[in-house]
Each structure stands twice: as C-alpha cells, then as structure tokens.
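Bear in mind that the values in this text are calculations on the coordinates, not laboratory data. Computed from a predicted structure; not experimentally measured. Here the Cβ positions follow ideal geometry from the backbone for every residue, glycine too, while neighbour counts run over all protein chains shown.
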Amino acid sequence: MAAQKNSFVLQDALLGINAHINRDLPIVLHKVLTEDQIWPDAHLMLHRRRDHERINDVLTDLVDLVQDELTHHYARLFKVIDFVMGRKDESFSAYFLSNCRTNVWYNTEILLDASDDEELMFHKERIDQEACTVAKQIADSRTFRLINKLAPLTRRLGWF
C-alpha cells in the first residue's frame, strides 16, 4: 500500500505496527525463550514477562516522538490532529499497545506450550491469520474508505 501511495501515512504506520506486534513479536519471543531455555521455569518466565511489560512504558513514552517524526517527514496535519485530541491519543496508544502486547505474551506462551511441531505450526498460522485479519481491517477501514480517493493528494501535499 505505502509504495503505491494509495493509502494514508497513518494507515501505513498502523499496518507496520500490527505486523510487528501481532505477528512478528510472538514468533521472535518464542524463539528467544526457547533458545534461552526459559520455558517452563515459572520464575524465569515471570522475570521475562516483567521485562516485556516494562517495554510498554518505554513505548508509551515514545508516542510523542513518533508522532513528531511522522509529522515532520510525512504528514504535517498530524500536528493539528494531535493538538485537537490533547493527550487522548497518547492515552489510547498506551492502552492499545498494552493490550496488544498482553496478547503477544499470551500467544508466546501458547507457542511455548505446543506439544509438537504440528501444533506449533498450527498456532503460528493462527497468529499469522489474526494479524492478517487486523491488517485487512486497517486497510479497509470505513473511515479510510470514505476518504480513500484523497490519499494520493494528501501524500503529495504531506498532510496525512
């Protein structure tokens, strides 16, 4: 979508975030925790989960910086939208990230608990499908669909 310039910068950002958090992160965490032989040690898993949750605070602190970078490089109207929304968009982002990353940990534990390679592949495919479903919802969102014809113009003008 981004290469074709038929979408909004916000859509592209959300699609990238979705792919990273909902699809890639559980797979990578599964690999790391397996290689580090953390599973099924409950004490070590709790320690790693706390680390995972602390990252939520780091990501929340970066929301304004990311908005500023998107505004500066791609979408000048983000600044207006951010001003109008006050701190609501940061609160929503923190809530959204926390919930998505809780789901990441849930999916990671399901992958770690798979009894064999067949079950592991089943869950990896399920995770992939769930991320794909979210991506389709972002790409075909009613809000974006209503104004989609404006996307090439808004990109050319650097609005949003």
Working from Cα positions, state the angle (0 to 90°, nearest 10) between the long axis of helix 117-139 and the longest principal axis of the chain. 10 degrees
Which value at 222 nm does the chain reach when only helices count, each DSSP H run of 4 or more adding -39,500 (n - 2.57), with the total divided by all residues and rounded to the nearest 500 deg cm²/dmol? -25000 deg cm²/dmol
Using 1/(1 + (r/R0)^6) with R0 = 25 angstrom and r between the beta carbons of F92 and T34, what's the FRET efficiency to the nearest 0.05? 0.15
How high is the relative contact order of segment 21-157, in percent, with contacts defined as C-alpha pairs under 8 Å that are six or more residues apart? 37 percent
Two-decimal log10 I(q)/I(0) for segment 69-147, as the Debye equation yields it once each C-alpha is a single scatterer, q = 0.13, 0.19 Å⁻¹: -0.65, -1.00
Extension reserve of the R156-T143 stretch, reckoned as 0.36 nm per residue once the Cα distance is removed: 2.7 nm
To the nearest 10 degrees, the tilt of helix 9-18 (Cα long axis) against the first principal axis of the alpha carbons of the chain is 0 degrees
Using mean Cβ contacts within 10 Å as the protection proxy, how do 112-118, 75-81 order, highest first? 75-81, 112-118
As I understand it, the value is the acute angle between the Cα axis of helix 88-112 and the longest principal axis of the Cα atoms of the chain; what does it come to in degrees, rounded to 10? 30 degrees
Per residue, how big is the convex hull around the C-alpha atoms of the chain? Give it to me in cubic angstrom, could you? 122 Å³
